[in-house]
1. Add +1 for every Lys or Arg and -1 for every Asp or Glu among the other residues with Cβ under 15 Å from the Cβ of T84, and state the total.
2. Out of the range 151-182, which chymotrypsin sites (Phe, Trp or Tyr not before Pro) are coil in DSSP terms and have no more than 15 other C-beta atoms within 10 Å?
3. Rounded to whole Å and sorted largest first, list the principal axis extents of the Cα atoms in the range 1-151.
4. I need the peptides 74-87, 105-118, 124-137 ranked by packing, meaning the mean over residues of other C-beta atoms within 10 angstrom, with the highest value on top.
5. If you add up the charges near Q111, with Lys and Arg at +1 and Asp and Glu at -1, over every other residue whose beta carbon is less than 11 angstrom from its beta carbon, what do you get?
6. Students often get this wrong, so check it: of K14/K152; K14/K78; K52/K78; K131/K151; K131/K188, which have C-alpha atoms separated by over 21 Å?
7. Of all accessible surface on the chain at a 1.4 Å probe, what whole percent is carbon and sulfur?
8. Counting only heavy atoms of the protein chains, get the accessible area per residue of the chain (1.4 Å probe) and round it to a whole Å² value.
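The values are calculated or read from the model by the stated rules, or taken from the named source; none is laboratory data. Computed from a predicted structure; not experimentally measured. Ideal geometry is used to build each Cβ from the backbone, glycine not excepted, and the neighbour counts take in all protein chains shown. Ligands, DNA and RNA are excluded from the accessible area calculation, which covers all protein heavy atoms including side chains. Shrake-Rupley method; radii C 1.70, N 1.55, O 1.52, S 1.80 Å.
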Amino acid sequence: GSIEDPRLFMIEDKCYLTVACRLFPMGNLWWDNSLVRMVPEWAHNEDNPYGKSAKDNPTVTVLYEVDLEALVSKNYEKAFYYLTHLSNPDFGQNRDIVFLPERQMIDGKLQYVMMERPVEPFRNPFLTAEKPSMVFSAAETFYEFAKPENKKVLIAEPQFEWEMDRIGASAPPLKIDDKHWLVCYHGKQNDE
């Protein structure tokens, strides 16, 4: 497969790594920008064992817990522990996932808060945006984020010419005070 866009971050004294990846490589992007050019024939069947992750080859984001002591001592086999998918391939590609560095009290429960950028937000039943936009969701455990029932809330859509193609988070938000967070983001304008 292919691995892109790694982001290392801390939440309450634990270190995590998000990685955008797909099951199969795309091949040379300059040919036709196809996600499925390198997908083997068996994956094109609807009943393949990996579902849309194999058939459509979307970018999904996965989460690793990182043991910093093992990483520093170059014990890479113990440094990274796969936890779960953070995005659902049934809703298409998803990238630019970052977390608030501390859990938040939401609906009376202490929850992780994730910001993400679905490429086709309109495929998710909770969203109506047409272009890749920034979305928040919350969950008590990391394992709940990829579930179809995990509610997504649109927080920003492309508005300016320099971001008309898409916007997404650049780094985890920085806490300013108890009510304010600084969100750094990037945008891309259309190639036309």
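1. Once positives and negatives cancel, what remains is -2.
2. Taking the range 151-182 and a limit of 15 other Cβ atoms within 10 Å, the loop chymotrypsin sites (Phe, Trp or Tyr not before Pro) found are F160.
3. 44, 43, 30
4. Per-residue Cβ counts within 10 Å, averaged per peptide and sorted highest first, yield 124-137, 105-118, 74-87.
5. Overall, the nearby charge balance is -2.
6. Flagged as over cut-off: K14/K152; K52/K78.
7. Of the solvent-accessible surface of the chain, carbon and sulfur hold 54 percent.
8. Values: 11250 Å² over 192 residues.
I get 59 Å² per residue for this part.
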